[in-house]
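The values are calculated or read from the model by the stated rules, or taken from the named source; none is laboratory data. Every value quoted in this text rests on a predicted model; they were computed, and no experiment measured them. Heads up, the Cβs are rebuilt from the backbone with ideal geometry, glycines too, and the neighbour counts pull from every protein chain shown. Areas reflect the complete protein model, heavy atoms only, side chains present, ligands, DNA and RNA absent. Shrake-Rupley method; radii C 1.70, N 1.55, O 1.52, S 1.80 Å.
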Amino acid sequence: MTGQMLVEAWRAMEANRLRTFLTMLGMVIGVGAVVLMLAIGQGAQYSVEQSIASMGSNLFIILSGSSTSGGLRMGSGATPTLTVADAQAISELPEISAVAPAVPGIAQVVYGSNNWSTSVYGTTPAFLAVRNWTIARGVPFTDSDVRSATRVAILGQTVVENLFGNDDPVNKTIRINQSPYLVVGVLGAKGQSLDGRDQDDTILIPVTTAQRKLFGTQFQGSVRFIMAQASSAAAMPLAEKQMTALLRQRHHIQAGRDDDFSIRNLTALANTAAQATQAMSMMLGAIASISLLVGGIGIMNIMLVSVTERTREIGIRMAIGARRRDILMQFLLEAVIISIAGCTIGVFFGVGGAYAVNRFAQLTVVVTGVSILMAFMVAAGVGVFFGFYPARKAARLKPIDALRYQ
Amino acid sequence: MDQVIRAEGLFKEYETDAGPVPVLKGIDLEIGQGEFVAVMGPSGSGKSTFMNILGCLDMPTTGRYVLNGRDVAKLNPDLLAKLRNEVIGFVFQGFNLLPRASLEDNVALPLVYCNVRKSERISRANDMLRKVGLEKFAKSFPNQISGGQQQRVAIARALVNRPKLILADEPTGNLDTRTSNEIMHLFRALNEEGITIVLVTHEPDIAAYAKRLVKFMDGNLIYDGEVSEAHA
């Protein structure tokens, strides 16, 4: 029975090839648009998630407080109140898993005949763990390097490209602001941060070396900021309270006075960005769904025409024993076949379009099985939904009226 | 003789803008198993409406119609469809074959609606085509054969589910005399096999093939009896 219905649906569709094709085209465009838009939206989401992951998870950044001099308020970090010892103390809090102090600056680096201006971070080996950073080649510097303020450096990929080209920089000596530094390791590539900075355009050196030898005059014993990682996302509020209490105590701030530091929750910021892209992704999908809806209305329109055209045929079928549900199923099947066939072709176009966008517009796209499956389910749903009314109209015809129809 | 059709006081009126118009004004008729009945009457006499009611395609406004022992007023549309499928074979003036289906598939169509397996459908359809002498055309399409041949295919389709009753509404209306006679010989042969046939026609020559004649006029039955006496 079902086999015979499929054969008949095929015959009906074949009898009006152009019409079937055009009806299907509506679904092809609808589904193609949904798949493509979901791919672009999810690609954007994926990019943001990658950036967040590369930043490190459950991250706080603790900045020195602002200062007021002569009525002029300076920004955060203007007063160097944080020290390496503060970082050490924070690392002993139970909710904190890793802490790295940072002394950042800009420096000119030279190797052979090449030179490059880049940001240099004085920090500790824990920085790698906090920022979720790997060593691609060589080794990181050690705590003993920090204690003795040795001139060693870990280079980011961009710095390596600009100074060394394809050469291996490990165990070479570069000059940072005229002083020689031994390259011990190379960082793995990270790409752009959320705000578009090249995270690989950086050099890490021991914090003590930065304080005493590189930027010595600027930061005597102090650090610009401290990065701290909480043991889990759930522990973040508690960790923030503990750090605030600890730093107020260490900095001898009396109750009622303002903090001389500020703690920022980077993960919260990142989540906001993630939510924004998710909203964009959903909006793209919603807009694309409208074309799917239009495709569905196209199916309904054509099915109504088809029912009218085939009224006599419906009458014949009823006269020789077709029940209402037989007629209903026959027309419903036709609508669903058109929508699913259109969907299949649409998925191919959508995926193809996604690769084209990826290739020619350099956008990250993500095509998931789930989005394709969803497109299929929606298309089948559209076929049933928009096919039902015409099919029911056919099934409810009175045999005698249908037979007499000219 | 078993009764196939029993109509009691069939009354039918149609709603029009000018009020209800009666088309059948109380018809009583019984047709037994194996009869061959010709229905005659001028246009508008009510014979087509009567045939539609006999075929369970239309319902009387009042009155009782019992087909093969079942009161059709008590059946829902699906059960009526089943009854039509199992008891009645229809032959129409315009043949009413499905243009996109092969003759074989056309003949097999009633079997689709009573869930007969495909292989059996095809073999029974071919048996019926052989019976009407068109087995060579099983894979052809309706537009590839003549009108007389199409009507034979329609008869094969009416026979395929082994009905008790064949309702033929002016089956020769679109055919020339020679072809009409061939079709009528086929009906007579079927009747001799025991199938009840009710046939509407305008032409006395065609009605002459039947054994019994009923005549309609203005919604009433005005004659019921031997075919030969009517012409006398």
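Which FRET efficiency value, to the nearest 0.05, is calculated for residue A:312 and residue A:286 with the Förster distance at 45 angstrom and r the Cβ-Cβ distance?
0.60
For the range A:80-259, give the percent of accessible area contributed by carbon and sulfur heavy atoms, probe 1.4 Å, rounded to a whole number. Mind dumping the intermediate values first?
On the way: 4010 of 8370 Å².
The C+S portion of the solvent-accessible surface of the range A:80-259 is 48 percent.
Work out from phi, with θ = phi - 60° and the Karplus expression 6.51 cos²θ - 1.76 cosθ + 1.60, the ³J(HN,Hα) of each residue of the range B:198-213, listed in order in whole Hz, and give x for Gly and Pro.
10, 10, 8, 8, 9, 9, x, 4, 6, 4, 4, 6, 7, 9, 9, 10
Roughly speaking, what is the centre-to-centre gap between the range A:340-377 and the range A:33-56 when only Cα atoms are used, to the nearest Å?
First find each Cα centre; the distance between them is then 14 Å.
In the protein assembly as shown, with Lys and Arg counted as +1 and Asp and Glu as -1 at Cβ, which of these residues, A:355, A:321, A:191, has the Cα nearest the positive end of the dipole, that is, farthest along it?
A:191
Please report, in debye to the nearest 20, how large the charge dipole of chain A is about its Cα centre when each Lys and Arg carries +1 at its beta carbon and each Asp and Glu carries -1 there.
Working: 32 positive and 24 negative charges, 266 e Å.
It works out to roughly 1280 debye.
What residues does the range B:56-78 have that are buried by at least 40 Å² of accessible area in the full protein assembly compared to the chain on its own, 1.4 angstrom probe?
The answer is B:57, B:78 - residues whose exposure falls by at least 40 Å² when every protein chain is included.
Using only protein heavy atoms and a 1.4 angstrom probe, determine the accessible area buried between A and B, summed over both sides, in Å² to the nearest 100. Present the calculation step by step, with values, prior to reporting the outcome.
Details: alone 20400 and 11020 Å², together 29040 Å².
Between A and B, the summed buried area is about 2400 Å².
Rank A:163, A:99, A:150 by how far each Cα sits towards the positive end of the charge dipole of the range A:83-231 (+1 on Lys, Arg Cβ; -1 on Asp, Glu Cβ) and give me just the farthest.
Most positive-ward Cα: A:150.
Please work out the C-alpha center-to-center distance from the range A:266-296 to the range B:42-116 and express it in whole Å.
56 Å
Taking the DSSP beta bridges in the range A:80-259 as the whole, what percent of them are antiparallel, to the nearest 5?
Details: 28 of 37 bridges.
Just about 75 percent of them are antiparallel.
What is the pair-distance distribution P(r) of chain A, computed from all Cα-Cα distances in 20 Å bins starting at 0, with each bin given as a whole percent?
For chain A, the pair-distance distribution reads 22, 33, 21, 17, 7, 0.
Rounding to the nearest 10 and keeping the result within 0 to 90°, find how far the Cα-based axis of helix B:177-192 lies from the longest principal axis of chain B.
Result, in degrees: 80.
For the range A:85-155 and the range B:142-161, what is the separation of their C-alpha centers, rounded to whole Å?
92 Å
Work out the charge dipole of the protein assembly as shown with +1 on the Cβ of Lys and Arg and -1 on the Cβ of Asp and Glu about the Cα centre, then indicate which of A:124, B:60, B:122 is farthest towards its positive end.
A:124
Anything losing 50 Å² or more of accessible area from the isolated chain to the full protein assembly: pick those residues out of the range B:93-109, probe 1.4 Å, ligands and DNA/RNA ignored.
B:96, B:98, B:100
Rolling a 1.4 Å sphere over the protein heavy atoms, what is the accessible area per residue of the protein assembly as shown, to the nearest Å²? Each step should come with its number before you reach the end.
Numbers: 29040 Å² over 638 residues.
That works out to 46 Å² for each residue.
Starting from the coordinates of the alpha-carbon atoms of the range A:1-150, obtain the Kirkwood hydrodynamic radius over all distinct pairs and give the value in Å to one decimal.
Working: mean 1/r = 0.0451 Å⁻¹.
By the Kirkwood definition, the hydrodynamic radius is 22.1 Å.
Membrane-span-like helices in chain A: DSSP H runs reaching 15 Å or more (Cα, own axis), mean Kyte hydropathy at least 0.5? Mind dumping the intermediate values first?
Numbers: long enough: A:2-15 (20 Å, 0.01); A:17-55 (55 Å, 1.05); A:236-250 (21 Å, -0.46); A:266-309 (65 Å, 1.29); A:324-360 (53 Å, 1.11); A:369-395 (37 Å, 1.38).
Within chain A the helices that satisfy the rule are A:17-55, A:266-309, A:324-360, A:369-395.
Amide H to amide H under 5 Å from residue A:225: which residues, 5+ apart in sequence or cross-chain, H placed 1.01 Å off N in plane?
A:102
Keeping all protein chains in position, work out how much accessible area residue A:367 exposes to a 1.4 Å probe, and write it in Å² to the nearest 10.
Taking all protein chains as shown, residue A:367 has close to 50 Å².
Please turn the phi angles of the range A:128-133 into ³J(HN,Hα) values with the Karplus equation 6.51 cos²θ - 1.76 cosθ + 1.60 (θ = phi - 60°), one per residue in order, whole Hz, x for glycine and proline.
Once rounded to whole Hz, the list reads 4, 5, 5, 8, 6, 10.
Put simply, what bits of the range A:374-406 lose 30 Å² or more of accessible area when the other protein chains are there, versus the chain on its own (1.4 Å probe)?
Buried by 30 Å² or more upon assembly, which counts only protein chains, are A:399, A:400, A:403, A:404.
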